[in-house]
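A.B. asks: Structure incoming, see below.
The values are calculated or read from the model by the stated rules, or taken from the named source; none is laboratory data. Given the structure is predicted, the values throughout are model-derived calculations rather than measurements. We place every Cβ from the backbone using ideal geometry, glycine too, and count neighbours over all the protein chains shown. Ligands, DNA and RNA are stripped out before the accessible areas are found, and what is left, the full protein with its side chains, is counted by its heavy atoms. Shrake-Rupley method; radii C 1.70, N 1.55, O 1.52, S 1.80 Å.
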Amino acid sequence: MQSATRPADPDNRLTDSVRRDQGAFLSSMSEETGAFLAAQEELLAEISPESLSLLSAIRGLTSGGKRIRALLCFWGWRAAGGTGDLQPVARAGAALEFFQAAALMHDDVIDRSETRRGAPSIHRQFRQQHLDAGWHLDADRFGTSSAILAGDLCLAFSEELFTGACVGAGASSARAIFNRMRTEVMAGQYLDLLEEAVGPDLPPATAADRALNILRYKSAKYSIERPVMLGGALAGADAATLARFSAFALPLGEAFQLRDDVLGVFGDPAVTGKPAGDDLREGKRTYLVARTLAGSSPHDQGVLNSLLGDPALDDEGVSRLRELITASGALRDTEKLIQDRSAEAFAALGGLGTDEVSAAALGLLAEAAVTRTF
């Protein structure tokens, strides 16, 4: 996808500036994260060396990924006029990465996911630790319980890091956004879980609106909108500026999650890091599924509801559901909505009124988000 709102850069001047400034930010965030984890390692070792397994799990997840939330926070800060000391925004970026890691740990427990980023999920790693050591009682319970605790500790670390970022005139506004973001995610996660349980009994006509509400609060806001707004708030942005940031970032966040939902059904495991069709086995009531129900015959609706959420769903079952999704027009409709939300975001990007380097950086991140090339 190419955006007419992203500044032309025939000699790569803007791209070089983006890479330079982004590199400086990532370096600063790495230093902040390393120093923070070193201090936590000392504390946990003092409690008991055995508790360091929790920190190892957290290190594993926070050392990977593409840092998109942290980068959006940084460029939101820059777009709002942030200059000088990178430490506060670097700490905020680290806090977002720790929050994301905690969400992944808990999400994998909820969804019973076996893998994350091509490796065993955290609860499976703890389960394997139990089995390898030949410990007593149930290995699955140990793995699940340990992953929950690691996620809780990661949330505590996120809060501690963000507290350290709250300095200057924008601290109060940033704190309010961060607090709201956490509530939105937890509520969105619950709504997602609830939809899996009650979705089959609800009218197909209401499913799409419910699915969009879930993706907005479970993912779109905390993945894209809130990070940009957090950065802007830390730079002292006023309410009008933050509203413009939201107008750009929220539709982008929705396009981002819709793309993720498509990949959850049709994606290549080598790219997604999860087995093909995992969202179908987990029973995710996504917009893609909602549009399939709305565009299918009663018979096909029954087939979809009978297969969706079956943890033993085999490749043939996955293929059958893919056929239903495609034949119903749901894949086409979802791709159209991704295009519409993306166009809305890029139109708003052109009205941010920020410097050309920040606009270029946000444009590049936006393109990567909706194409999942980051």
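A.B. asks: List, in order, the whole-Hz ³J(HN,Hα) value for each residue of the stretch 12-28 obtained from phi through the Karplus relation with A = 6.51, B = -1.76, C = 1.60 and θ = phi - 60°; use x for Gly and Pro.
C.D. replies: 6, 4, 5, 4, 5, 5, 4, 4, 5, 5, 5, x, 5, 5, 4, 5, 5
A.B. asks: Calculate one ³J(HN,Hα) per residue across the stretch 156-166 by plugging θ = phi - 60° into the Karplus curve 6.51 cos²θ - 1.76 cosθ + 1.60, and present them in order as whole Hz with x for glycine and proline.
C.D. replies: 5, 4, 4, 4, 5, 5, 5, 4, x, 8, 7
A.B. asks: Can you sort Asp85, Asp108 by 1.4 Å-probe accessible area, starting with the largest?
C.D. replies: Largest to smallest exposure gives the sequence Asp85, Asp108.
A.B. asks: Would you grab the residues whose amide H sits under 5 Å from the one on Gly170? Only those 5+ places off in sequence or on another chain, please, with H modelled 1.01 Å from N.
C.D. replies: Result for Gly170 returns Gly236.
A.B. asks: Given the rule -39500 (n - 2.57) for each run of at least 4 DSSP H residues, summed and divided by the residues of the chain, what is its mean residue ellipticity at 222 nm, to the nearest 500 deg cm²/dmol?
C.D. replies: -24500 deg cm²/dmol
A.B. asks: With a point put 7 Å past each Cα toward its Cβ, work out how far Glu323 is from Ser56 in nm, to one decimal.
C.D. replies: 4.6 nm
A.B. asks: How big is the stretch 253-296 along each principal axis, measuring the range of its Cα positions in Å and listing the largest first?
C.D. replies: The Cα atoms of the stretch 253-296 stretch 31, 24, 14 Å along their principal axes.
A.B. asks: Let me check the size of the stretch 151-284 from its C-alpha atoms; what are the radius of gyration and Dmax in Å?
C.D. replies: Expressed in Å, the Cα Rg and Dmax of the stretch 151-284 come to 17.0, 51.
A.B. asks: Under the rule of at least 5 residues apart or a separate chain, name every residue whose amide H is placed under 5 Å from the amide H of Thr115.
C.D. replies: Those lying under 5 Å, H to H, from Thr115 are Ser121.
A.B. asks: Could I ask something else about it? In sequence order, what are the phi-derived ³J(HN,Hα) couplings for the stretch 179-185 according to the Karplus relation 6.51 cos²θ - 1.76 cosθ + 1.60 with θ = phi - 60°, rounded to whole Hz, with x for glycine and proline?
C.D. replies: Coupling constants for the stretch 179-185: 4, 5, 4, 5, 5, 4, 5 Hz.
A.B. asks: I need the Kirkwood Rh of the stretch 291-374: take the reciprocal of the average 1/r across all distinct C-alpha pairs and report it in angstrom.
C.D. replies: About 15.5 Å, per the Kirkwood formula over Cα pairs.
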